[in-house]
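The values are calculated or read from the model by the stated rules, or taken from the named source; none is laboratory data. If you're wondering where the values come from, they're calculated on a predicted model, not measured in any experiment. Neighbour counts are summed over all protein chains in view; Cβ atoms, including those assigned to glycine, are modelled from backbone coordinates with ideal geometry.
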Amino acid sequence: MPPLWLVLQVVLLGGAAAYIAAAYGAVKPQTSLAPPSTYVVAVRWAFVANIVFTMIWSFITLSDVVLCNDSGDRCFTFSGWAQFTSFTRWCWILQGVYFVSANLGLRCARVLFSVSLSSALLVTSFVYLVLIPGALLRPQPGHKAGNVALLVSTQAHIMHLCNTLQLLWDLWFAKTYTAQLSDAQYSIAWGLMYVVFEWIFHHYSGMWHYPFLDFTKPFSSLSYTGVLCTSVATCAAASKLCSVALVPRGKDQ
């Protein structure tokens, strides 16, 4: 399990960031900017179908992939419950919950949109700027072949790209919900939930889905700080994207 100093760092920095975000601007909560058209509702259901199909496809074709830790002494098959252990899939499923909630007009849809958009930007950025270059540009031992194969699989590319593209479509064409910087408190809480889960997962499996969360490595404190700062930056980016996309409706906000 993580050292006490790291737990305190994560709690204090995460809590401080969430508090500052919650106090930022003190904006009035919004439920919806515009009612969705039949076309928007249909496309959202298509996105839900894409999410469900990709998960089923992953269960069928990737359940025999073997993932190993860096030393190769701990491995497990990426099947069953293990397919729900990565942050990518958490966010992929959360996005499906958002689209269903948006079509049903649930009040939680706006917060789900904000968390989903910032998380999608975070996942896409880390995967294509950090994880894939690190996996392909550095020589990998033979026991890590499954890890690399999973990372560059077609299903993974769909999840890592469509998670952002689907929400950008929803933002630019549906114009139903907006993300505010004050919503970063929810995105940070979502991310911290996964960090705690990853600690527990590592304790029992010996595996790290994301090497920058490995607290046994040198400078792990800086890695965690960097991840938190990047999370806040993606929340700010999500808020900025919304302000740009919704300029024509600015007076209604």
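Quick check on this structure: which one of ALA174, ALA184, ALA156, ALA189 is over 24 Å from TYR210 (Cβ atoms), of a type in the set (A, V, I, L, M), touching a helix residue (DSSP H, G or I) at 6+ places or on another chain (Cβ under 9 Å) and touching a residue at least 24 places away in the same chain (Cβ under 8 Å)? Going through ALA174, ALA184, ALA156, ALA189 in turn, just one is over 24 Å from TYR210 (Cβ atoms), of a type in the set (A, V, I, L, M), touching a helix residue (DSSP H, G or I) at 6+ places or on another chain (Cβ under 9 Å) and touching a residue at least 24 places away in the same chain (Cβ under 8 Å): ALA174. Scanning region 138-155 finds no residues that are basic (Lys, Arg), within 18 Å of LEU241 (Cβ to Cβ) and not in a helix (DSSP H, G or I). Taking the stated definitions as given, is HIS160 in a helix (DSSP H, G or I) and either within 15 Å of LEU122 (Cβ to Cβ) or at pLDDT 90 or above (or both)? The answer is yes for HIS160. Number of residues in region 169-188 that are hydrophobic (A, V, I, L, M, F, W, C), surrounded by 15 or more Cβ atoms within 10 Å (Cβ to Cβ) and assigned to a helix (DSSP H, G or I) equals 6.
Tell me yes or no: at least one residue of region 33-53 is aromatic (Phe, Trp, Tyr) and touching a strand residue (DSSP E or B) at 6+ places or on another chain (Cβ under 8 Å). No - not one qualifying residue is present in region 33-53. The numbered conditions (1) surrounded by fewer than 19 Cβ atoms within 10 Å (Cβ to Cβ); (2) more than 21 Å from GLY14 (Cα to Cα); (3) not β-branched (Val, Ile, Thr) are all true for PHE219 except (2).
Taking region 171-215 as the range and being of a type in the set (Phe, Trp, Tyr) and either within 16 Å of the chain's Cα centre (by Cα) or over 30 Å from SER243 (Cα atoms) (or both) as the test, the residues that pass are TYR186, TRP190, TYR194, PHE197, TRP199, PHE201, TYR204, TRP208, TYR210, PHE212, PHE215. So is TYR210 crowded, with 19+ Cβ neighbours inside 10 Å, closer than 25 Å to ASP70 by Cβ, touching a Phe, Trp or Tyr at 6+ places or on another chain (Cβ under 8 Å) and among the hydroxyl-bearing types (Ser, Thr, Tyr) or not? In short, no. A count restricted to region 109-140 and to residues that are of a type in the set (Phe, Trp, Tyr) and either under 15 Å from ARG89 (Cα atoms) or surrounded by fewer than 23 Cβ atoms within 10 Å (Cβ to Cβ) (or both) stands at 2. Any idea which residue in region 189-226 is modelled with the lowest pLDDT, counting only those that are in contact with a Ser or Thr (Cβ under 6 Å, 6 or more places away or on another chain) and assigned to a helix (DSSP H, G or I)? Among residues in region 189-226 that are in contact with a Ser or Thr (Cβ under 6 Å, 6 or more places away or on another chain) and assigned to a helix (DSSP H, G or I), the one modelled with the lowest pLDDT is PHE212. Per the conditions (1) within 11 Å of the chain's Cα centre (by Cα); (2) within 16 Å of LYS175 (Cα to Cα), the sole criterion not satisfied by ALA120 is (2). Scanning region 68-97 for residues that are touching a residue at least 40 places away in the same chain (Cβ under 8 Å) and within 22 Å of SER231 (Cα to Cα) returns THR85, SER86, PHE87, THR88, ARG89, TRP90, CYS91, TRP92, ILE93, LEU94, GLN95, GLY96.
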